[in-house]
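Scroll down for the structure; my scribbles are underneath it.
Since every read-out is calculated from the coordinates, none of them should be taken as a lab result. Predicted model only: the values in this text are computed from it and were never measured. Methodologically, a virtual Cβ is constructed for each residue, glycine included, from the backbone with ideal geometry; neighbour enumeration extends over all protein chains shown.
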Amino acid sequence: WPALADDVAAILELKKTRNAVILAHNYQAPEIFHTVADIVGDSLALAREAVTVDADVIVLAGVHFMAETAKLLNPGKTVLIPDTRAGCSLADSITAADVRGLRAKYPGVPIVTYVNTSAAVKAESDLCCTSGNAVEVVRSLNAPRVLMIPDEFLAQNVQAMVPEVEILTWAGHCEVHEQFTPADIREVRESYPGVTVITHPECPPEVVAEADFSGSTAMMMNFVLEKRPKQVVLVTECSMGDNIAAANPDIEFIKPCNLCPHMKRMSLKNIRHALETMTHEVTVEPELAERARMAVERMLAVRT
Ligand code: 13P
Ligand code: SF4
């Protein structure tokens, strides 16, 4: 990306002068993922790594809830998000008042909240989960009934794996993954006989049922890199395949994929601007942060 070399060089220099690290989600475009990112991963890895980061400044190249989670775990550090509009349809689907309503309606039922939520929603929850540990988190509770919010499809996909627990949920959906249909998978299987199909658990259960494997973005990548299928479809955001395709020319990555408009708000230009101007700082009110942090820390304590 010669046209972008200028921004990359500036960012690498700014990281030194600001003592900053860049955490990038697996959905970031290759020109961010492979050039300026210090740590890349799924939501769980980014949360885990955020605890160990040795820097004054964290730039989160991802969406707002990821930056907020990094801030919860690093109250003394400056956390920047290059574009504050990088939201998430799941985070927007539920409020703290909604969670209080569920608590009142289902007294005594533990509330597991997907990390794709605001700090205010996390603060009302018992513990968090990601798509990489949701099954283990539910099992760790040893409860007959669990509320898993706000992703209805993730909850249904976990329910299929943990039949001994009754999982209640909410009607939130990922605007990227809800678009995939079983017909998409069947079409691709017809066109590419023998193709390996991998889905993200934010997809509807009837889509996951058609897949060979389903898991978090890191689990999807690991599966491909270990099994090395000749042809694979990653039923998720488009950058996932792009990020591993170049280094793995023996694997053919077949579409369909969809773009996440929120993840795609990140660019080298606005990462550079964030470090130049130290904007936009993510803050969470201390009392709320304390309660939200407990929910994230309880999740990080669950063995996976
Ligand atoms: P992962 O935790 O699997 O990276 O997923 C995050 C996300 O937003 C997927 O849409
Ligand atoms: Fe949210 Fe879906 Fe985008 Fe992930 S892909 S950030 S769940 S809207």
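Side notes on the structure shown:
- From ASP7, ASP56, ASP98, residue being closer than 26 Å to LEU168 by Cβ and among the acidic types (Asp, Glu): ASP98
- Residue list for the stretch 41-51, restricted to those being within 11 Å of ligand 1 (Cβ to nearest atom), assigned to a helix (DSSP H, G or I) and more than 21 Å from ALA120 (Cα to Cα): ALA45
- Residue in the stretch 52-93 that is nearest to ligand 2 (Cβ to nearest atom), counting only those that are more than 15 Å from the chain's Cα centre (by Cα) and assigned to a helix (DSSP H, G or I): SER93
- Residue list for the stretch 127-154, restricted to those being more than 15 Å from ASP98 (Cβ to Cβ), touching a residue at least 60 places away in the same chain (Cβ under 8 Å) and either touching a strand residue (DSSP E or B) at 6+ places or on another chain (Cβ under 6 Å) or not small (Gly, Ala, Ser) (or both): LEU127, CYS128, CYS129, THR130, ASN133, GLU136, VAL137
- Flag if GLU237 is within 20 Å of the chain's Cα centre (by Cα) and either crowded, with 23+ Cβ neighbours inside 10 Å or more than 13 Å from ligand 2 (Cβ to nearest atom) (or both): yes
- Complete set of residues in the stretch 239-274 that are part of a loop (DSSP other than H, G, I, E, B), over 21 Å from GLY194 (Cα atoms) and within 16 Å of ligand 1 (Cβ to nearest atom): LEU259, CYS260, PRO261, HIS262, MET266
- Of all the numbered requirements in (1) away from ligand 1 (no atom under 13 Å from the Cβ); (2) crowded, with 16+ Cβ neighbours inside 10 Å, ALA183 misses one, and that requirement is (2).
- Per the listing GLY101, GLY76, GLY108, the residue uniquely at positive phi, surrounded by fewer than 24 Cβ atoms within 10 Å (Cβ to Cβ) and free of Cβ contacts under 8 Å to residues at least 12 places away in the same chain is GLY108.
- Residue list for the stretch 113-149, filter: part of a strand (DSSP E or B) and among the hydrophobic types (A, V, I, L, M, F, W, C): LEU127, CYS128, CYS129, VAL146, LEU147, MET148, ILE149
- Test: residue in the stretch 79-91 that is of a type in the set (D, E, K, R), under 24 Å from LEU300 (Cα atoms) and surrounded by fewer than 24 Cβ atoms within 10 Å (Cβ to Cβ): no
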